[in-house]
Amino acid sequence: MSVSKEKSGSTQQFDAVVVGAGFAGLAMLNRLRKEGLSVRVLEAGDGVGGTWYWNRYPGARCDVESMEYSYQFDEALQQEWEWSERYSPQPEILKYLNHVADRFDLRKDIQFNTRVKSAIFDEAANRWTITTEDGTSLSAIYCIMATGCLSAPNTPPFKGTESFKGEIYHTGKWPHQGVDFTGKRVGVIGTGSSAIQSIPIIAEQARHLTVFQRTPNYSVPAGNRPMDQKLMREIKADYKAFRERENQTQSAFGSRFQTERTPILSLSKADRDALYEKYWQLGGLLFLYASGDLLLNKEANETAAEFIRGKIRSIVKDPETAELLCPYTVVGCKRLCADTGYYETYNRPNVKLVDVKSAPIEELTPNGLRTKDGEYELDCIVFATGFDAMTGSLLRMDIRGRKGLTLQQKWAEGPRTYLGLTTVGFPNMFIISGPGSPSVLTNMVPSIEQHVNWIADTIHDLRGRQLKVIEPAPEAENAWVDHVNEVADHTLFPTCNSWYLGSNIPGKPRVFMPYLGFPAYVAKCNEVRAKDYEGFVLG
Ligand code: N01
């Protein structure tokens, strides 16, 4: 251990400080400990879990299959853990992460209820000073941001919010004791993944539910069911090879199903619809595997869009509501949603859909919410309004690199990174699943583990060679940012408004943030290391 955990003045010294104790922070702590580093993890919540700690809204569930959405760093762990459903519900994922924290004795190095206020690089000492909101300071050689891609909730500042006499909730900050909507008139603002998962369950409980929709989203049935025990045994019998096959897919999931190769437009309408029906029945995000050109060719995409609109019209009985629920955007351009009974919910007599595109929300009132068209009386309002994605959690802290440069200044025109892991001017700072890495376009757990391993291997190499600093070179960063954009520009992703582009947050620069293609990305990261950290300056 090169630097001990002793106190120097009031500043505790560590080799590494990790911010966040979700999937990323826990894996990072475990790996760095094995490397012999002294590590402190700082976590704002009072428990581990990150996303799965905060997002406890009714119906919260992962829409990557359970056998794929788990750690692979420990064979015994992946053999012993039993998932109960095809897609894990939030409480089970949180239980799993608590199990991991206990099994690897991680809690002793995690400081809970601790929100990081600032991280400032000291050029003379080549160390980071991390200060928490309660005024505690920690010093570390490496500062690792495991702050998550979707962890800074977006709460639109509606006029009159403070005047509303009922309760307000945000899906991303859900009360831990749960919420009982029985007998209540509930309003949900938003129709993204969080809303689409929670609406069917809230509707069952509430006296009345009003959904305020600005933009309809495409949703496919998740096809959730109890875990297929035979499949679980088969995967566990050969987990390593299974994980390797997963890593060869573009999004690090779904290797049991190959993307169809036939261009969708070469098929007759009847054959296309049969193919879409097959993927509709398969369930979940696999729908996008129905054709290789869905996100490349607008005309091809439109055939999928029309298929889903047909489904909506056949499920929702009231034609006006059905039409309002039909999106006319590119399927998958915004994150595709997976649901359990979402469209069916609009057939309930206690559910009403309100279009706030044509008549926007004007204000919250003491008794409810007013749109341009009228007032809705409500006892509770659920903000399912999403997140300041990918950069929000980083930019809400005061992060300063060389010469006092703030990350806000550095990223004023949008995030700039090398490999999504590092950024020029901020030496020895690593970002897990940062902008410019595959992150949100992949199965997050293997993506996180790939970053954790790359960072830990890099720190291992630096220590072995007694090097103190790693920082990307400006040319490498510029070339990487260009490459991320170039890859995205070959697809339909930049053609619509989505949080991938930051366009859900007023004033946020419009930049496509994730990198498309997991295998190519992993190959690039490996190549950079093999070429003695090509694109980095070591010192
Ligand atoms: O957030 P969102 P989310 N007035 O940004 C609306 C992941 N996730 O929390 O589209 C009125 O998708 C906004 O409308 P519009 C997943 O990656 C995963 O649902 O901007 N409406 C939109 O409808 C997902 O993509 C899982 O016009 C306003 C909604 O709020 C990501 O998290 C589960 C508004 C926000 O939708 C985010 O999903 C849940 C305003 N002023 C989430 N502002 C699983 O794995 C915003 N909206 C299953």
Among the DSSP beta bridges whose two residues both lie in the chain, what percent are antiparallel, rounded to the nearest 5?
40
Scaled to the compact-protein estimate 2.2 N^0.38 Å, what is the alpha-carbon radius of gyration of the stretch 480-534, rounded to two decimal places?
1.36
On each of the three principal axes of the Cα atoms of the stretch 423-539, give max minus min coordinate, whole Å, ordered largest first.
47, 27, 22
Label-point separation (nm) for C496 and E35, each offset 7 Å from Cα along Cα-to-Cβ?
4.0
At a threshold of 8 angstrom on Cα-Cα distance, excluding pairs fewer than six apart, so keeping six or more, what relative contact order does the stretch 230-332 reach in percent?
20
Spin-label point model (7 Å from Cα, Cβ direction): what's the K352 to D489 distance in nm?
4.8
Report, in whole Å, the centroid distance computed from the Cα atoms of the stretch 291-326 and the stretch 99-135.
46
Loop GluC sites (Glu not before Pro), the stretch 132-233 (other Cβ atoms within 10 Å of the site Cβ: 13 or fewer; DSSP):
E133
For the chain, what relative contact order do you get, as a whole percent, if you take Cα pairs closer than 8 Å and at least 6 residues apart?
19
Rounded if a/c under 1.5, otherwise prolate or oblate - the stretch 281-413, Cα gyration tensor axes
oblate
For K403, K317, what ranking results if the residue with the fewest other Cβ atoms within 10 Å of its Cβ goes first?
K403, K317
Tail beyond 19 Å, pair distance distribution of the stretch 33-108 (Cα, percent):
41
Roughly speaking, what is the stretch gain from N478 to K531, that is 0.36 nm per residue apart minus the C-alpha to C-alpha distance, in nm to one decimal?
17.2 nm
Based on the alpha-carbon set only, what is the convex hull volume of the stretch 257-306 divided per residue, in Å³?
68
Mind checking the angle between helix 269-282 and the chain's longest principal axis? C-alpha axes, 0 to 90 degrees, to the nearest 10.
60
May I ask for the angle, rounded to the nearest 10°, between helix 474-489 and the longest principal axis of the chain, with both axes built from Cα atoms and the value confined to 0 to 90°?
20
Out of all DSSP beta bridges in the stretch 1-110, what portion is antiparallel? Express it as a percent rounded to 5.
40
What per residue convex hull volume, in Å³, comes out for the chain when only alpha-carbon positions are used?
150
So what's the back-of-envelope 222 nm ellipticity for the chain, counting only DSSP H runs of four-plus at -39500 (n - 2.57) apiece and dividing by all residues, rounded to 500?
-9500 deg cm²/dmol
Distance in nm between K524 and T259 label points, each 7 Å along Cα→Cβ, equals 1.6
If pairing requires two Cys Cβ atoms under 4.7 Å apart, which cysteines of the chain are left without a partner?
C62, C143, C149, C326, C337, C380, C525
Select from the stretch 130-224 those trypsin sites (Lys or Arg not before Pro) which occupy a DSSP coil region and have at most 13 other Cβ atoms within 10 Å, ordered by residue number.
K159, K165, R207
Hey, how many Å between the Cα centroid of the stretch 269-289 and the Cα centroid of the stretch 431-487?
35
Charges at C-beta only: +1 for Lys and Arg, -1 for Asp and Glu. How large is the resulting dipole of the stretch 72-224 about its Cα centre, in Debye rounded to 20?
840
Let me check against my output: what whole-number percent is the relative contact order of the stretch 308-391, with C-alpha pairs under 8 Å and at least 6 apart?
16
Kirkwood Rh over Cα pairs of the stretch 247-354 into Stokes-Einstein at 4 °C, 1.567 mPa s: D in µm²/s?
87
For the pair R245 and L296, what calculated FRET efficiency results from E = 1/(1 + (r/R0)^6), where r is the Cβ-Cβ distance and R0 = 25 Å, to the nearest 0.05?
0.60
If you take all C-alpha pairs in the stretch 353-461, what percent of them are over 21 Å apart?
55
Sort largest first and round to whole Å: the equivalent ellipsoid semi-axes of the stretch 14-163, each the square root of five times a Cα gyration tensor eigenvalue.
28, 24, 11
Label-zone membership for the stretch 153-180, site E375, 7 angstrom Cα→C-beta point, backbone N under 17 Å:
159-167
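FYI, it's all coordinate maths here, none of it is from the lab. From a predicted model like this one, the values you see are computed outputs, not experimental measurements. A quick note on method: Cβ atoms are made from the backbone with ideal geometry, for glycine too, and the neighbour counts reach across all protein chains shown.
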